[in-house]
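The values are calculated or read from the model by the stated rules, or taken from the named source; none is laboratory data. Since we're looking at a predicted model, the values are computed, not measured. Because the Cβ atoms are built from the backbone with ideal geometry, glycine has one as well, and the counts that use them run over all protein chains shown.
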Amino acid sequence: MHLQSLKLLPLTGLLGLLPILTFMTEGCARKGITAKLADVSESRIINADREPGNWMSYGRTYEEQRFSPLRQIHDGNASRLRLAWFYDLDTSRGQEATPIIVDGIMYFTSAWSKVFALNAATGALLWSYDPKVPGRWGVNACCDVVNRGVAAWNGKIFFGTLDGRLIALDAASGRRIWETLTVDRNFRYSITGAPRVAKAKVIIGNSGGEFGVRGYVSAYDAETGHLVWRFYTVPGDPSKPFESPILRRAASTWNGQWWKLGGGGTVWNAIVYDPELEQLYIGTGNGTPWSERFRSPEGGDNLLTCSIVALKVESGEYVWHYQQNPGDVWDFDSDEDIILADLTINNRPRKVLMQAPKNGIFYVVDRTNGTLISAEPYTFINWATGVDLRTGRPAESAAARYQGPDPTPIVPGPLGAHSWQPMSYSPLTHLAYIPVNDVGFKYKQAGSFEARQLAPNYGIDVIAAGMPQKPEIKKAILAGVKGKLLAWNPLEQRAAWTVERAGPWNGGTLVTAGNLLFEGTASGNFEAYRADNGEKLWSFAAQTGVMAGPVTFEAGGEQYVAVLAGWGGVFPLAAGEVSFASGRVANISRMLAFKIDGSATLPPLTPVEEARITPLANPANSVIIHKGERLFQSYCAVCHGDVAVSGGVLPDLRRSSALTSDTWFKVVLGGLLEAQGMVSFAKELSPQDAAAIRSYVISRRNQDAHYDHSQGVQGRP
Ligand code: CA
């Protein structure tokens with residue numbers, strides 16, 4: 001062991017670590033190897049099924065099926081699952097991370113890119129690391145200050161930070177070994193995705209497709225942090241040399257001056273390694289802005305946006321791509337998790353990848369060459385009638401590109417029929433398990449476009465997209481907002497079973513050889529079902545919305561199931577009242593671990609009844625209020641909610657005490673709350689603008705005071 005590094009541990013951390021070290025030393029002595037924490041290698045991940053008690057990479061194996069061979073917990077005893085331990089976090093922002101468990105230690109990230117190492121059997125803290133992301137970088141995150149996890153390799157723990165750094169920590173002590181900036185901070189890049197490690201290279205992408213960045217994925221040497229290669233997903237300025245031959249070809253599918261707006265195509269989530277073919281598969285996002293009028297005015301496919309791209313792992317060279325949405329205009333990112341599998345299709349063994357991206361279609365692709373095998377809608381969609389298997393192109397509906405003067409309702413919308421919440425696949429049931437969102441969006445072209453420094457600009461009419469304030473219309477819209485857990489047969493491209501949820505934005509899934517399917521819900525439960533037929537077996541009141549992907553592992557000979565609980569992400573931040581469909585529960589960031597006959601209990605919640613909103617005097621005229629509406633929907637709604645209704649993660653401005661004081665201007669223009677992520681908007685908003693936004697928020701408060709909304713009961717710990 002590295003005793004020197006142990007000396008640096010705080011006493012509490014050391015005490016927590018001691019039993020693990022003893023366990024490790026004994027275990028390793030038996031195997032005749034030197035003890036090193038998080039000693040993950042390529043061969044260990046490839047042979048992960050030989051040590052199913054560990055969960056050594058994001059989707060457990062390189063195939064990222066999120067299937068565990070563990071069967072100590074099974075469909076016959078799952079009803080005896082109880083909380084084994086929990087660990088509370090110091091944040092109430094979104095929790096999206098999948099933990100990694102190696103040899104009795106759990107490593108994971110929380111909001112603001114903080115890292116934690118816990119004793120996996122007890123939840124005791126071993127160490128934590130705060131990369132001190134500046135609060136002001138929060139304004140560059142489209143979808144909350146989230147992070148989806150770490151990677152482990154050769155004694156190190158790797159993670160990306162919201163402000164674009166890639167950091168390697170010593171797995172034993174949590175001390176930083178190296179740190180590198182992966183982005184140009186003159187642009188509004190962020191990192192929320194988990195890195196993967198393959199061939200001793202740490203692979204990391206980034207986000208910012210709504211903020212005018214150019215997408216790419218990078219590979220760094222795991223030992224030194226030096227850049228090995230970088231692959232850009234969209235072409236840059238064509239007057240300069242292209243970084244790779246495919247970008248020359250891609251440039252012919254764009255027109256206008258797209259590079260001045262960045263292009264988009266960000267690799268914000270899916271990065272999967274295929275050790276057999278020594279290829280990476282990455283998912284790319286939308287072009288920027290969403291509207292092609294301002295991005296590539298004469299149309300074009302805009303390669304390689306909204307695509308799955310195969311790259312050689314050693315060099316980052318392009319191998320093939322399959323574009324799911326040529327010339328996307330809906331924010332249908334292809335960044336959702338990709339699963340690799342070997343399937344028998346028409347009596348022929350095929351190496352495939354499977355993906356259920358935002359656009360609502362389940363794709364099975366031959367991963368040796370990118371050929372589309374099958375593609376069918378996995379839920380209701382109206383933007384296309386299907387996919388032409390010969391060309392791979394979708395058959396778009398006539399109105400799908402929203403060229404008319406009126407807003408066009410499209411299903412799904414930018415939330416996606418499925419987003420980053422990981423799906424799983426069981427080689428035993430041959431089913432994929434997908435958390436599905438059924439929610440549309442009203443798209444209308446904006447009349448003009450200008451890039452903003454402090455807000456996203458989608459190139460669409462943000463007022464047309466807002467929730468109407470006529471109660472009957474609103475009721476009809478909300479009635480159509482749904483979610484479900486879907487078990488999908490990829491061979492037959494049809495549903496095997498479904499579980500209806502209260503609303504969208506439920507958790508990622510885990511499937512086990514014990515015939516169990518685990519999922520958390522937006523309405524505050526963590527549940528187990530029979531994986532083969534969807535029979536509900538167990539439910540735990542988690543006190544908070546659960547979005548992240550669960551894992552299972554062994555510690556001290558016992559099987560555990562764990563999930564990072566906590567509500568947030570783009571849905572409660574941006575969707576306003578629509579996000580209430582899923583149920584309004586408290587927001588508590590916490591790691592939960594369960595085992596058979598566990599004996600821990602959560603502290604009770606104190607119910608909090610939200611007070612009714614009362615009207616305020618609003619001297620502004622309708623012109624000012626309308627100006628405030630446009631500015632609110634452009635600058636504020638991305639975090640404080642559509643038409644000023646907060647989904648419960650960030651402050652509900654209708655209820656802000658600053659509405660009646662000068663504090664409003666100190667916050668909006670003076671940066672009073674910058675450390676919490678609320679920057680000064682003085683660079684782009686004048687005092688008159690800030691006053692107009694306030695008048696709009698007061699007008700919304702008064703509307704809602706008039707209609708009375710029972711806002712439900714929330715709780716606090
Ligand atoms: Ca996007």
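Restricting to segment 405-415, give me the number of residues that are assigned to a loop (DSSP other than H, G, I, E, B), within 16 Å of the ligand (Cβ to nearest atom) and either in contact with a Gly (Cβ under 8 Å, 6 or more places away or on another chain) or at pLDDT below 95 (or both).
2
Taking the stated definitions as given, is Ile271 within 15 Å of the ligand (Cβ to nearest atom) and more than 26 Å from Ile460 (Cβ to Cβ)?
For Ile271, the condition - within 15 Å of the ligand (Cβ to nearest atom) and more than 26 Å from Ile460 (Cβ to Cβ) - is not met.
Name the residue, out of Gly327, Gly283, Gly265, Gly287, that is in the same structural domain as Ala200 (by TED's automatic domain parsing) and over 19 Å from the mean Cα position of the chain (by Cα).
Just one listed residue meets the conditions, Gly327.
Quick check on Ile282: is it touching a residue at least 12 places away in the same chain (Cβ under 8 Å), aliphatic (A, V, I, L, M) and away from the ligand (no atom under 15 Å from the Cβ)? Talk me through it step by step, then tell me what you get.
Numbers: touching a residue at least 12 places away in the same chain (Cβ under 8 Å): yes; aliphatic (A, V, I, L, M): yes; away from the ligand (no atom under 15 Å from the Cβ): no.
So Ile282 does not fit the description; no.
Would you be able to tell me the number of residues in segment 245-266 that are within 16 Å of the ligand (Cβ to nearest atom) and touching a Leu at 6+ places or on another chain (Cβ under 9 Å)?
Counting residues in segment 245-266 that are within 16 Å of the ligand (Cβ to nearest atom) and touching a Leu at 6+ places or on another chain (Cβ under 9 Å) gives 1.
Suppose the filter is outside any loop (DSSP other than H, G, I, E, B), in the same structural domain as Tyr363 (by TED's automatic domain parsing) and within 16 Å of the ligand (Cβ to nearest atom); does Val217 pass it?
yes
Checking the condition in contact with a strand residue (DSSP E or B) (Cβ under 9 Å, 6 or more places away or on another chain), more than 15 Å from the ligand (Cβ to nearest atom), more than 15 Å from Ser374 (Cβ to Cβ) and of a type in the set (A, V, I, L, M, F, W, C), which residue from Ile338, Ile345 passes?
Ile338
For segment 424-450, which positions are of a type in the set (Phe, Trp, Tyr) and part of a strand (DSSP E or B)?
Tyr425, Tyr433, Phe441, Tyr443
Does segment 653-673 contain any residue that is of a type in the set (Asp, Glu) and either part of a helix (DSSP H, G or I) or within 22 Å of Ala574 (Cβ to Cβ) (or both)?
no
Could you list all residues from segment 226-251 that are free of Cβ contacts under 8 Å to residues at least 24 places away in the same chain and out of contact with any strand residue (DSSP E or B) (no Cβ under 7 Å at 6 or more places or on another chain)?
Asp237, Pro238, Ser239, Lys240, Pro241, Phe242, Arg248, Ala251
Could you list all residues from segment 107-144 that are of a type in the set (Asp, Glu) and within 16 Å of the ligand (Cβ to nearest atom)?
The answer is Asp144, and nothing else.
Is one or more of the residues making up segment 310-319 touching a residue at least 60 places away in the same chain (Cβ under 8 Å) and within 16 Å of the ligand (Cβ to nearest atom)? Outline the logic, then answer.
To start, the set of residues in segment 310-319 that are touching a residue at least 60 places away in the same chain (Cβ under 8 Å) comprises 310-311, 313-318.
In the following step, the residues that additionally are within 16 Å of the ligand (Cβ to nearest atom) were identified as none.
Among the residues of segment 310-319, not one is touching a residue at least 60 places away in the same chain (Cβ under 8 Å) and within 16 Å of the ligand (Cβ to nearest atom), which makes the answer no.
Which condition does Leu491 not pass, out of (1) buried (at least 22 other Cβ atoms within 10 Å of the Cβ); (2) within 25 Å of Arg60 (Cβ to Cβ), if it passes all the others?
Single failed check for Leu491: (1).
Across segment 195-214, which residue is nearest to Cys306 (Cα to Cα) among those that are away from the ligand (no atom under 16 Å from the Cβ) and in a strand (DSSP E or B)?
So, considering only residues that are away from the ligand (no atom under 16 Å from the Cβ) and in a strand (DSSP E or B), the one nearest to Cys306 (Cα to Cα) is Ile204.
Considering only segment 178-194, how many residues are touching a residue at least 40 places away in the same chain (Cβ under 8 Å), surrounded by fewer than 24 Cβ atoms within 10 Å (Cβ to Cβ) and part of a strand (DSSP E or B)?
3
Where the second residue is surrounded by 17 or more Cβ atoms within 10 Å (Cβ to Cβ) and the first is of a type in the set (Lys, Arg) and lies in segment 452-473, which pairs have Cβ atoms under 9 Å and are six or more apart or on separate chains?
If the second residue must be surrounded by 17 or more Cβ atoms within 10 Å (Cβ to Cβ), the pairs left are Arg452/Phe211; Arg452/Gly212; Arg452/Ser634; Arg452/Tyr635.
From the list Gln355, Gln323, exactly one residue is within 16 Å of the ligand (Cβ to nearest atom), touching a residue at least 24 places away in the same chain (Cβ under 8 Å), touching a Leu at 6+ places or on another chain (Cβ under 7 Å) and not basic (Lys, Arg). Which is it?
Sole residue among the options that is within 16 Å of the ligand (Cβ to nearest atom), touching a residue at least 24 places away in the same chain (Cβ under 8 Å), touching a Leu at 6+ places or on another chain (Cβ under 7 Å) and not basic (Lys, Arg): Gln323.
Being away from the ligand (no atom under 13 Å from the Cβ), in contact with a Ser or Thr (Cβ under 7 Å, 6 or more places away or on another chain), polar (S, T, N, Q) and outside any helix (DSSP H, G or I) is the requirement here; does Ser239 meet it? Break it down into steps so the answer makes sense when it comes.
Details: away from the ligand (no atom under 13 Å from the Cβ): yes; in contact with a Ser or Thr (Cβ under 7 Å, 6 or more places away or on another chain): no; polar (S, T, N, Q): yes; outside any helix (DSSP H, G or I): yes.
Against the criterion (away from the ligand (no atom under 13 Å from the Cβ), in contact with a Ser or Thr (Cβ under 7 Å, 6 or more places away or on another chain), polar (S, T, N, Q) and outside any helix (DSSP H, G or I)), Ser239 does not qualify.
For segment 534-652, which strands (runs of 3 or more DSSP E) that fit wholly inside it have 2 or more residues that are free of Cβ contacts under 8 Å to residues at least 12 places away in the same chain, surrounded by fewer than 23 Cβ atoms within 10 Å (Cβ to Cβ) and among the charged types (D, E, K, R)?
Where strands (runs of 3 or more DSSP E) fall fully within segment 534-652, none carries at least 2 residues being free of Cβ contacts under 8 Å to residues at least 12 places away in the same chain, surrounded by fewer than 23 Cβ atoms within 10 Å (Cβ to Cβ) and among the charged types (D, E, K, R).
Conditions first: (1) away from the ligand (no atom under 16 Å from the Cβ); (2) over 14 Å from Trp259 (Cα atoms). Thr192 passes all but one, so which condition is the exception?
Tallying (1) away from the ligand (no atom under 16 Å from the Cβ); (2) over 14 Å from Trp259 (Cα atoms), Thr192 fails exactly one: (1).
Is it the case, given these coordinates, that Pro235 is in contact with a helix residue (DSSP H, G or I) (Cβ under 7 Å, 6 or more places away or on another chain) and crowded, with 24+ Cβ neighbours inside 10 Å?
Spelling it out, Pro235 is indeed in contact with a helix residue (DSSP H, G or I) (Cβ under 7 Å, 6 or more places away or on another chain) and crowded, with 24+ Cβ neighbours inside 10 Å.
Table: residues versus (1) crowded, with 18+ Cβ neighbours inside 10 Å; (2) without any contact (Cβ under 8 Å) to a residue 40 or more places away in the chain; (3) over 30 Å from Glu500 (Cα atoms); (4) not assigned by TED's automatic domain parsing to the domain that holds Glu292.
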site: Ile373; (1), (2), (3), (4): yes, yes, no, no
site: Tyr378; (1), (2), (3), (4): yes, no, no, no
site: Gly416; (1), (2), (3), (4): yes, no, no, no
site: Thr429; (1), (2), (3), (4): yes, no, no, no
site: Tyr433; (1), (2), (3), (4): yes, no, no, no
site: Phe449; (1), (2), (3), (4): no, no, yes, no
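Working only within segment 392-435, note down all residues that are over 15 Å from Pro504 (Cα atoms) and among the small types (Gly, Ala, Ser).
Gly392, Ala395, Ser397, Ala398, Ala399, Ala400, Gly404, Ser424, Ser426, Ala432
Condition check: in the same structural domain as Ser315 (by TED's automatic domain parsing), crowded, with 22+ Cβ neighbours inside 10 Å and either within 16 Å of the ligand (Cβ to nearest atom) or over 22 Å from Gly677 (Cα atoms) (or both). Does Leu169 satisfy that? Full working, then the answer.
Details: in the same structural domain as Ser315 (by TED's automatic domain parsing): yes; crowded, with 22+ Cβ neighbours inside 10 Å: yes; either within 16 Å of the ligand (Cβ to nearest atom) or over 22 Å from Gly677 (Cα atoms) (or both): yes.
The answer is yes for Leu169.
Could you pull out the residue among Gln421, Gln453 that is in a loop (DSSP other than H, G, I, E, B) and within 16 Å of the ligand (Cβ to nearest atom)?
Step by step, each of Gln421, Gln453 is checked, and only Gln421 is in a loop (DSSP other than H, G, I, E, B) and within 16 Å of the ligand (Cβ to nearest atom).
For segment 292-301, indicate whether the set of residues that are farther than 18 Å from Phe332 by Cβ and either surrounded by 24 or more Cβ atoms within 10 Å (Cβ to Cβ) or away from the ligand (no atom under 16 Å from the Cβ) (or both) is non-empty.
Within segment 292-301 (the criterion being farther than 18 Å from Phe332 by Cβ and either surrounded by 24 or more Cβ atoms within 10 Å (Cβ to Cβ) or away from the ligand (no atom under 16 Å from the Cβ) (or both)), the answer is yes, since at least one residue qualifies.
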